[in-house]
Amino acid sequence: MLKESPLVSTISILGTALSIAAIMVVILIYQIQLAAYSPEIRRERMLYINATQSQAKDSNGMRNRGSMSTEVVKECFYALETPEAVTAIASDKRPISLPGKRLYKEYSIKSTDHYFWKVFDFHFLKGRAFSEADFQSGIRTAVINDRLAYELFETTDVVGQTVSLDFMHYTICGVVKEVSNAATDAYADIWLPYTTDENLLPVRHSEGIPGEFNVCILAKKKGDFEAIRNELERRKAQYNANKIEYEVGFLEGTLTRMDIAMGSTGFKRVKPSEFLTETGALLLFLLLVPALNLSGVAQSSVQRRRSEMGVRKAFGGTNRKLLFQILCENLVITCIGGIIGFAFSFLLLLACRSFLLPNEPMLTMDMLLQPATLLIALLFVLLMNISSAFFPAFRISRQPVVDSLKEIE
Amino acid sequence: MLKQIFKIIWKQRRTNSWIFAELLIVMGVLWFMADQLLVDTHTYNLPLGYDIQNTWRLKLGNLNSQAPGYVLPEEKTTSETDDLLRLMDQIRLSEEVEEVCATYFSCPYSFGNSWTSIEPIDGDTTGLSSGSFHVRRVTPEYFTVFRVNDKQGNSIIPQLSVTEGSMVISADLEKKFFGAQSGKGRKLRYPGSEEEIPVVAVSEPIRNSDYEISEPCLYTVLVGSGLRENVDYFSASKAELCVRLKQEMSPEDMNRFLESISERLTVNNLYVYGAKSFKDQRYDMIKTYERKSKIKVSLMAFMLINVFFGIIGTFWLRTQYRRGEIGLRVAVGSSKGGIYRFMNIEGVCLLITTLLPLLFFVVGMISADQIASDRLSLSLWRLVTVTIASYLLMGGMICLGIWLPARKAASLPPAEALRYE
């Protein structure tokens, strides 16, 4: 039957493919934000704090918004008992030099703690992470990724070598495989114990609350989120009770991965309803425009087959049977289109990632191909099928036999 | 003929209703996007008021207290301002460098900015608004580094007096404060202050980025004690050190250049740790706009391809279905070109029927204040251009979609076609 009118079949298939590809690109963009992949493999158990405010207790309104100091990290977060692990991270971009030679190329730096390596799952090519002892005593050790190792030393066998950051020397203790910068919390070229950087010490103003750190909390299980939030509230109240002039606040509080995927930040939360309205409207548009198209084509092609329908009916085919028959025939086309579109969406995303995704991240198969992706694609194929063929099929199946046989519109 | 075509369109309303609904939705969205792209393009092509070619920002840092070469505060004999000025002089020594300036939250495409209240004193101040304006804190060389000239296109540098506390205002601010009169030589003051600040020059209008329009702004020219006050308040390492090079350099060239002069890039505890070209800084600033535009263009392409598919599919099936009619037309003397033209007109007429609902939609949007007019005023010119452009785009796509079915219809031998009749 597809061969009967090759051009029309091709167009229906291509139209479906285009729509499914566009829809899947939108889905994949959210999936990259949401799904777990190396090294952020425990995203569903994580909570994030990425906004901190220090506010004067009296009413003069002085306040500072940004991130938190190491003091807040220690008092409010390391003290938490419910989570499995808590890590504090400060990000920066700085040149990494060799001891004898000043270089100016900038790399992405994360200053963090030893818990970081528990929360995220890195693949060590050489050496190991910096230890708790390194962290506590502020020993200048560093973990670097293989790309940086190659650029500086032309080999990954660099454990024990020294790199220089702002004239300070760090000994490399481990080399990890480079990860995609889509994993924004874990990604860096070099990781350092934050105790080695005096610029990260608490500031003098606002009673030492503002700083450079954001926090990732790894819960033992997903059900612990509420307990963690409650414990954090208690810690915060305790901390603030000891402050004289200022108090710390976390604005929108702990975010789940889902919140972040929907576009929330610690400063401004996007409500699920807002997200659904906006994304839903876009998806509806991407589905509706091609569906109208295909409806037109389906309408014309069923019309040509009116007499066939009439004959079928005359020989006892019920309305429902005819409707079902047309929908099934159409499903073949939508499925073929769906498969092409699904494959095409990956190419499209790859080609357009510079403007579709922030920071033009490296894409890996494990972040794109998740079981849910296939299910969602299938769902949209079915939606596409129903929205494009239902009305023409419904109408033709309702037409009186005589009219159909006489080819009256 | 038109009457006939509309009759045909009406007769086939069943199949046409789908394609008509699609055309209508697509036209609405297309019109809206075309309008935004027009505004973006128009704004993008306005003069910026400065030139960032071959300019770089050098990033400054303070030495770690444990770093080799760190000078203890009690052993230091120079002020931070002295260090900053010496660093600028040492960079200026290089052959590759044309000029160096320092700014505070005020370089082009700077993410930070400062605002200040200021008002004109002399002259007629009635009806003139004093308010808060964007202030740029710059050393005099800024005007050379970024090629900022006065309204007439002359260099500003000779007009700067050596006296401290002078200001340069932009042409927008001049207009706001002094109307059609010249602002040069007039005086300004901070509200509540007695000090009179002379306006020594009027610069061209300055835009913050390629996608924004200019806003009234002023420059505080940092020399002498004014510079010292600024450096003491914000600290030297917070300054944006901007250089103009004589030749173009890639980031790798720049890194190599810095490596070659690295011993001159440290003065006491102040040092240069990296460089970023203003081209990159510009990109960081405008990338959200560019991303949005590209997404808009992709969506437009998506819609147009859909329209193409829709038209080609609908008309293909229709030609098969209407072979009889076409055969009859050929038989009574219609040429191939005639058939082709007839079908094209039919497609375009279908499109024209969307004009009325679209105009209702646009008028509705305008009265609901949903069409932004801050960057480009809502003129008849804008509305007509956008409408014509979007209809041309759609019309082109429709004719392209009709081409294949029409060719098939026209090539049908009349005798065979008539058989269907």
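Couple of notes before you dig in:
- Cleavage-rule hits (chymotrypsin sites (Phe, Trp or Tyr not before Pro)) in the range A:302-389: DSSP loop, at most 15 neighbouring Cβ within 10 angstrom: A:315
- Average partner coverage of A:94-100, which counts Cβ from other chains inside 10 Å: 2
- Summing +1 for each Lys or Arg and -1 for each Asp or Glu among the other residues whose beta-carbon sits under 11 angstrom from that of residue B:44 gives -2.
- Partner shielding of B:21-28 amounts to 3, given as the average count of beta-carbon atoms from other chains within 10 Å of each residue beta-carbon.
- Rounded to the nearest 10 degrees, the inclination of helix B:355-367 to the longest alpha-carbon principal axis of chain B is 30 degrees.
- Ratio Rg/Rh [Cα only; Rh per Kirkwood] for the range A:52-250: 1.01
- Sorted by Cβ density within 10 Å, fewest first, the residues A:381, B:348: B:348, A:381
- Principal axes of chain A: Cα extent on each, largest first, Å: 91, 56, 34
- As a calculated quantity, the FRET efficiency between residue B:388 and residue B:41 at R0 = 22 Å, using C-beta atoms, amounts to about 0.90.
- Whole-angstrom gap from the range A:202-274 to the range B:302-365, using each part's C-alpha centre: 60 Å
- P(r) for the range B:224-376, from all Cα pairs and a bin width of 10 Å, is 7, 17, 17, 14, 12, 12, 10, 7, 4, 1 %, short bins first.
- Computed E for residue B:411/residue B:353 - FRET, C-beta separation, R0 35 angstrom, nearest 0.05: 0.75
- Per residue, chain A reaches -15000 deg cm²/dmol at 222 nm when only DSSP H runs of four or more residues are counted, each adding -39500 (n - 2.57).
- Dividing the radius of gyration of the alpha carbons in the protein assembly as shown by their Kirkwood radius gives 1.05 for Rg/Rh.
- Per-residue ³J(HN,Hα) for the range A:103-116, Karplus 6.51 cos²θ - 1.76 cosθ + 1.60, θ = phi - 60°, Hz, x for Gly and Pro: 10, 10, 6, 8, 10, 7, 10, 10, 9, 8, 10, 6, 5, 3
- Hz values of 3J(HN,Hα) by residue in the range B:75-84 - Karplus curve (6.51, -1.76, 1.60), Gly and Pro given as x: 8, 6, 9, 10, 8, 5, 4, 4, 4, 5
- Amide H within-cut-off set for residue B:98, under 5 Å, with H built and near neighbours excluded: B:244, B:245, B:246
- Order of A:228, A:139 - criterion: other Cβ atoms within 10 Å of each residue's Cβ, fewest first: A:139, A:228
- Paramagnetic reach from residue A:379 (point 7 Å along Cα→Cβ, amide N under 18 Å) across the range A:29-43: A:29-36
- Over chain B: helical MRE at 222 nm, DSSP H runs n ≥ 4 each giving -39500 (n - 2.57), nearest 500: -16500 deg cm²/dmol
- Amide H to amide H distances under 5 Å link residue A:181 with A:362, where only residues 5 or more positions off or on other chains count and H is placed in the peptide plane.
- Rg/Rh, computed from the Cα trace of chain B with Rh as the Kirkwood radius, has the value 1.20.
- In nm, spacing of pseudo-spin labels at residue B:121 and residue A:328 (7 Å Cα→C-beta vector): 9.2 nm
- For the range B:26-36, the Karplus equation 6.51 cos²θ - 1.76 cosθ + 1.60, evaluated at θ = phi - 60°, returns couplings of 4, 4, x, 5, 4, 4, 4, 5, 4, 4, 5 Hz by residue, with Gly and Pro reported as x.
- Residue with peak Gaussian network fluctuation, chain B [Cα springs, cutoff 10 Å], from B:192, B:310, B:49: B:192
- FRET efficiency, residue A:118 to residue A:258 (Cβ-Cβ, R0 22 Å, nearest 0.05): 0.45
- Prolate/oblate/rounded call for the range A:34-144, Cα gyration tensor, a/c under 1.5 rounded: oblate
- When each of A:164, B:379 is scored by the number of other beta-carbon atoms lying within 10 Å, the sequence from fewest to most is B:379, A:164.
- Values of log10 I(q)/I(0) for the range B:71-268 across q = 0.12, 0.13, 0.14, 0.17 Å⁻¹ run -0.66, -0.76, -0.86, -1.19, by the Debye formula with one identical scatterer at each alpha carbon and no solvent.
- Lysine-lysine proximity count for the range B:71-268, Cα under 20 Å, sequence distance 8 or more or distinct chains: 9
- Amide H contacts for residue A:126 (H built 1.01 Å from N in the peptide plane; partners 5 or more residues away or on another chain; cut-off under 5 Å): A:175.
- Extents of the range A:138-245, largest first, come to 52, 38, 22 Å (Cα atoms, principal axes, whole angstrom).
- Equivalent ellipsoid dimensions for the range B:29-125 as semi-axes, Å, which come from the Cα gyration tensor, largest first: 41, 22, 16
- Most mobile listed residue (A:184, A:254, A:70) in chain A, GNM with C-alpha springs under 10 Å: A:184
Computed from the coordinates by the stated procedures, all read-outs in this text should not be read as laboratory data. All values derive from a computational prediction rather than experimental measurement. Backbone-built Cβ (ideal geometry, glycine too); neighbour counts: all protein chains shown.
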